[in-house]
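This is the structure, below, for whatever I ask next.
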Amino acid sequence: MNTVTYYRATCGSLYRVTTTPATRTRAASCMQDRCSTHARVFSPEYPTHPAEVARLVGIGSSVEIPAP
């Protein structure tokens, strides 16, 4: 089951991070996409790492928010 988490960056952009657990046939993955303050749709997904997301939250660059 995928987990979707939303983050608001200090620049105002909204990030959506989708984490997919590993299965017997597929490795775990972490993908993100971004919606800027001037756009109405999210960009195409691109890979990220959970440690990088945690680092950005840790330094205050992003804050987890409830699903919009």
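Which is farthest toward the positive dipole end of the chain among Val63, Thr48, Thr18, measuring Cα position about the Cα centre, with Cβ charges +1 (Lys, Arg) and -1 (Asp, Glu)?
Result: Thr18.
Also, I was wondering about something else. Can you compute the FRET efficiency between Ser61 and Thr37 using 1/(1 + (r/R0)^6), with r the Cβ-Cβ distance and R0 = 22 Å? Round to the nearest 0.05.
0.90
Using label points projected 7 Å from each Cα along Cα→Cβ, tell me how many nm separate His49 and Thr10, to one decimal.
Result: 2.2 nm between the two label points.
In whole percent, and with a 1.4 Å probe on the protein chains, what portion of the accessible area of the chain is carbon and sulfur?
On the way: 2810 of 4870 Å².
Exposed carbon and sulfur together represent 58 percent of the surface.
So what is the accessible area of the chain per residue, in Å², with the probe set to 1.4 Å? Display every interim value, and only then the final one.
Details: 4870 Å² over 68 residues.
Heavy-atom SASA per residue in the chain reads 72 Å².
Another question about this same structure. Excluding Val57 itself, calculate the net charge of residues whose Cβ lies under 11 Å from the Cβ of Val57, where each Lys or Arg counts +1 and each Asp or Glu counts -1.
Residues near Val57 contribute 0 overall.
The values are calculated or read from the model by the stated rules, or taken from the named source; none is laboratory data. Source: prediction; values computed, not measured. Neighbour counts are summed over all protein chains in view; Cβ atoms, including those assigned to glycine, are modelled from backbone coordinates with ideal geometry. We work out accessible area using only protein heavy atoms, side chains counted, and drop any ligands, DNA or RNA first. Shrake-Rupley method; radii C 1.70, N 1.55, O 1.52, S 1.80 Å.
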